[in-house]
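Colleague: Just dropping this structure here.
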Amino acid sequence: MPASPSPRFPLTRLRRTRATPWSRRLVRETNLTTDDLIWPVFVTGADRNEPVASLPGVERLTVDNAVYAATEAAELGIPAIALFPQTPNDRRTARAEEALNPDNLVNTTTRRIKAAVPNIGVITDVALDPYTDHGHDGLMDGERILNDETVEVLRAQALVQAEAGSDVVAPSDMMDGRVHAIREELDKNGHHGVQIMAYAAKYASCYYGPFRDAVGSGAKLSGDKRTYQMDPANTDEALREVALDIREGADSVIVKPGLPYLDIVRRVKERFAIPTYAYQVSGEYAMLVHAAQAGAFDLDAVMLETLMCFKRAGCDGIWTYFAPQAARLIDGV
């Protein structure tokens, strides 16, 4: 009896489910929504907005315009904004005293936003680099960053931010032990509901250049931050950093930078199942914008593809300067 002929065509055709838009929607494994977006906003004490030359389309906003941006974000369905100040040079010192000023740019803006748009989350950066005259995230003794002395300042900084109405404090300094100190300080003063979103795996990356221009720390920075930010070569160390921050009281964690570090996002999410975020940092944003301006690709398309990659890797949300544009595209506004 002759053998049955082999099928002429493949029995399984994966293209069948990709053939139509409705079918692609039914089998889509990852979805990007406005609920996934956090909008980083730069604030200036100037009387008008100031463009950031190395971040095309991004401006430092006056306090009034930051309030307007928060209103816009709420209308677009963006859950939260994150505030970063450009502290005036005459208020930058070696000891970062301005970080503890209840009426500094961040705290003033936080109060104004929470009064005008109470239903949006406000995230504030706990770090000293916007306030130091040397551009580092910590206090210094000569060329050495002082860990424990810095933590005491961060503890006080987080408290004044919480008292101003911050919903989430986000320590980005990478000092050892700061999450525990901040949680202890917040709880001791009755701020049990204020979240800590820890920059748990923050790498010593070249991608931060435009951000440092935006907050005015880049030109002041001497040396680098490799003694406290992570070596880009390491992955196991990131898991140890995240484990420590969770143990110390972090409610969620951030991996920074974003797209070049999606392997870290995946490892963190799979290991700890904690709310995990990535920051699509200034250098990533600038590269995409400049490449689109040069005709390399369509900016809207690559923006949404990139954000989807963050979600696919395991992110519960993405910090991105594209947030307003992405929200409009996602919801067809």
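The values are calculated or read from the model by the stated rules, or taken from the named source; none is laboratory data. Small disclaimer: the values here were computed from a predicted structure and weren't measured. Note that each Cβ is placed from the backbone with ideal geometry, even for glycine, and that neighbours are counted across all protein chains shown. These accessible areas exclude ligands, DNA and RNA; they are computed on the full protein's heavy atoms, side chains included. Shrake-Rupley method; radii C 1.70, N 1.55, O 1.52, S 1.80 Å.
Colleague: If amide hydrogens are placed 1.01 Å from N in the peptide plane, which non-local residues have theirs closer than 5 Å to the one on Val43?
Modeller: Residues meeting the criterion, in which the H sits 1.01 Å from N, are Leu61, Phe84, Gln86.
Colleague: Considering only protein heavy atoms and a probe of 1.4 Å, how much of the accessible area of the chain is carbon and sulfur, as a whole percent?
Modeller: Exposed carbon and sulfur together represent 51 percent of the surface.
Colleague: For helix 63-76, report the angle its Cα long axis makes with the longest principal axis of the Cα atoms of the chain; keep it between 0 and 90° and round to the nearest 10°.
Modeller: Tilt relative to the chain: about 30 degrees.
Colleague: Tell me the Kirkwood hydrodynamic radius of segment 1-146 in angstroms, computed as one over the mean inverse distance between distinct C-alpha pairs.
Modeller: For segment 1-146, inverting the mean 1/r across all distinct Cα pairs yields 19.2 Å.
Colleague: Report the antiparallel proportion of the DSSP beta bridges in the chain as a percent, rounded to a multiple of 5.
Modeller: 15
Colleague: Further question: Please work out the ratio of the alpha-carbon Rg of segment 110-164 to 2.2 N^0.38 Å and round it to two decimals.
Modeller: Compactness ratio reported: 1.40.
Colleague: How big is segment 89-245 by Rg and Dmax over its Cα atoms, in Å?
Modeller: Here Rg and the maximum Cα pair distance are 15.3, 45 Å.
Colleague: Between Glu29 and Arg240, what FRET efficiency follows from the Cβ-Cβ distance if R0 is 41 Å, with the result rounded to 0.05?
Modeller: With a Förster radius of 41 Å, E is 0.85.
Colleague: Related question: At a threshold of 8 angstrom on Cα-Cα distance, excluding pairs fewer than six apart, so keeping six or more, what relative contact order does the chain reach in percent?
Modeller: Worked out over the chain, it gives 18 percent.
Colleague: Another one. Over the C-alpha atoms of segment 221-305, what are the Rg and the largest Cα-to-Cα span, Dmax, in Å?
Modeller: Values for segment 221-305 (Cα only, Rg and Dmax): 15.5, 47 Å.
Colleague: Next question, about the same structure. Compute the helix-to-body angle for 147-164: its Cα long axis versus the longest principal axis of the chain, expressed 0 to 90° and rounded to tens.
Modeller: In the chain, helix 147-164 runs at an angle near 80 degrees to the longest axis.
Colleague: Relative contact order for segment 114-268 using alpha-carbon pairs under 8 Å, separation at least 6, rounded to a whole percent? Display every interim value, and only then the final one.
Modeller: Working: 233 pairs, mean separation 37.9, N = 155.
Computed value for segment 114-268: 24 percent relative contact order.
Colleague: Within the chain, what is the number of lysine pairs with alpha carbons under 21 Å apart, leaving out pairs fewer than eight places apart on the same chain?
Modeller: 9
Colleague: Need one number: the % of Cα-Cα pairs in the chain sitting beyond the 32 Å mark.
Modeller: 29
Colleague: How many Å² of accessible area per residue for the chain, probe 1.4 Å? Display every interim value, and only then the final one.
Modeller: Working: 15410 Å² over 333 residues.
I get 46 Å² per residue for this part.
Colleague: Once phi is turned into θ = phi - 60°, what whole-Hz ³J(HN,Hα) does the Karplus curve with 6.51, -1.76 and 1.60 give for every residue of segment 193-204, x standing for Gly and Pro?
Modeller: After applying 6.51 cos²θ - 1.76 cosθ + 1.60, I find x, 6, 7, 10, 9, 8, 6, 7, 10, 10, 8, 6 Hz.
Colleague: Charges only on Cβ, +1 for Lys and Arg, -1 for Asp and Glu: so what's the dipole of the chain about the Cα centre, in debye to the nearest 20?
Modeller: Here the chain has a charge dipole of around 1820 debye.
Colleague: What's the angle, to the nearest 10 degrees (0 to 90), between helix 236-248's Cα axis and the longest principal axis of the chain?
Modeller: Approximately 60 degrees, to the nearest ten.
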